[in-house]
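Readers should treat all values here as calculations from the given coordinates under stated rules, not as data from a laboratory. Every value quoted in this text rests on a predicted model; they were computed, and no experiment measured them. Please note: Cβ atoms are built from the backbone with ideal geometry, for glycine as well, and neighbour counts cover all protein chains shown.
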Amino acid sequence: AAGGSKTVPLQGQGEPYRFALPARPEELMTPAGGSFIVTPGYFEALGIPLLSGRDYRWGEETPTLVVNAALARQLWGSVEGAMGKSPILLGTPFEVVGVVGEVRTQGLSAAAPAAMYFGPHVARRSSLKLFVRTRVEPASMERAVRAAIRKVQPDLPIFDVAPLEQVVARTTVQPRVWATLLAIFSVLALVLTVVGLYGVVAFAVAQRTKEIAVRMALGASRGAVLGMVLGRVTRLSGVGLALGLGAALALGRVLAGQLYGVTARDPATFVVVAGALAVAALVAGYVPARRAVRTAPASSLRGD
């Protein structure tokens, strides 16, 4: 499949052409995502689904228009309701012959806005981006595509040929850099938190070494002492985790706009972080408590 467009997906909205509905010709509107100048075959080449109706056809005598689902629902209530409607564009009624899926034109993190598509014969431009869908590695088709274009127009300049994956990658460089840095700092913060928590809990348990020795001298079993220490650590850790999770849920919406592919309240993230902190607290309580119960009470109390 092959088709052309003046613009490239993810690199900005279309042109601000204004249109009106026949019932309100004096009320001019502009789609939030703009208007895109495309050729027949564009939607198939980019894999944009045709939800209703048909694509453009070369050599059509009547002005035709294709809208996306967002614009169809905004103006006519449904995808099917848009078919056959005649919005007025450039002073001419255009028949809506097709409705296509929504495309993210302003980046992966931005919602797909309402948009319309019409042919290059409506507003001619000096350049065109050609999109070719292949069944093989795209880079291996460059020579064949160039030859096919030159067969039709030998003097046409051809430049910036690249797989669409590279084009998409260019638009996501900054978000990927920020995401990588955020991930690094998040891991460092988690490591520092675990180390700090371990140190605080271990110190607090070590301070009770003589208390543990007294209990052991009075006949307390090792299991009972370990249960007492770990029970206290568990209760304190539970309170801390509950407060921390509550604060994270409340403040998560601040980062919601910076996330992609994961929600601000991602269950897996909360489970992993909370689990790591809980394990660190239990280990920090168990290690010094185990050392204390294995030490003879007389040795622990010597010097008091």
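Only aspartates and glutamates eight or more places from LYS129 in sequence, or on another chain, were considered; those with a Cα closer than 16 Å are GLU15, GLU44, GLU142, ASP160, GLU165. Placing pseudo-labels 7 Å out from each Cα toward the beta carbon at VAL187 and SER140 gives an inter-label distance of 3.6 nm.
Placing a label point 7 Å from the Cα of GLU60 along the Cα-to-Cβ direction, the residues of region 96-124 with a backbone N closer than 12 Å are 96-100, 117-122.
Partner aspartates and glutamates whose Cα lies under 20 Å from the Cα of LYS85, excluding those fewer than 8 positions away in the same chain, are identified as GLU26, GLU27, ASP55, GLU60, GLU61, GLU95, GLU102. Which net charge results when you count Lys and Arg as +1 and Asp and Glu as -1 among the other residues whose beta-carbon is under 12 Å from that of ALA45? Here the count lands on 0. Placing pseudo-labels 7 Å out from each Cα toward the beta carbon at ALA220 and ARG235 gives an inter-label distance of 1.3 nm. If Lys and Arg each add +1 and Asp and Glu each add -1, what is the summed charge of the other residues whose beta carbon sits under 13 Å from the beta carbon of GLY34? My count for the surroundings of GLY34 gives +1. Label separation (ALA1 vs THR180): 3.3 nm, computed from points 7 Å beyond Cα along the C-beta direction.
If the segment from ALA204 to MET29 were pulled out straight at 0.36 nm per residue, it would be longer than the present Cα-Cα gap by 56.2 nm.
In a DSSP loop and with at most 10 other Cβ atoms within 10 Å, the GluC sites (Glu not before Pro) in region 30-127 are GLU61.
So which chymotrypsin sites (Phe, Trp or Tyr not before Pro) in region 142-199 are both in a DSSP loop and have at most 14 other Cβ atoms within 10 Å of their Cβ? Counting only loop positions with at most 14 other Cβ atoms within 10 Å, the chymotrypsin sites (Phe, Trp or Tyr not before Pro) in region 142-199 are PHE159. Over all projection directions, the Cα-based convex hull of region 1-146 averages an area of 9.3 nm².
Show me the ranking of peptides 18-28, 122-132 by mean Cβ neighbours inside 10 Å, starting with the highest.
122-132, 18-28
Projecting the Cα atoms of PRO175, PRO63, LEU50 onto the dipole axis of the chain, where Lys and Arg carry +1 and Asp and Glu carry -1 at the beta carbon, places PRO175 farthest toward the positive end.
Relative to a virtual label point 7 Å from the Cα of ALA276 in the Cα→beta-carbon direction, which members of region 179-207 show backbone nitrogen distances below 18 Å? Counting only backbone N, you get 179-201.
With a Förster radius of 51 Å applied to the beta-carbon distance between ALA248 and LEU51, the computed FRET efficiency rounds to 0.85. Phi angles of region 185-195 translate, via the Karplus equation with coefficients 6.51, -1.76, 1.60 and θ = phi - 60°, into HN-Hα couplings of 5, 5, 5, 4, 5, 5, 4, 4, 5, 5, 5 Hz per residue; Gly and Pro are given as x.
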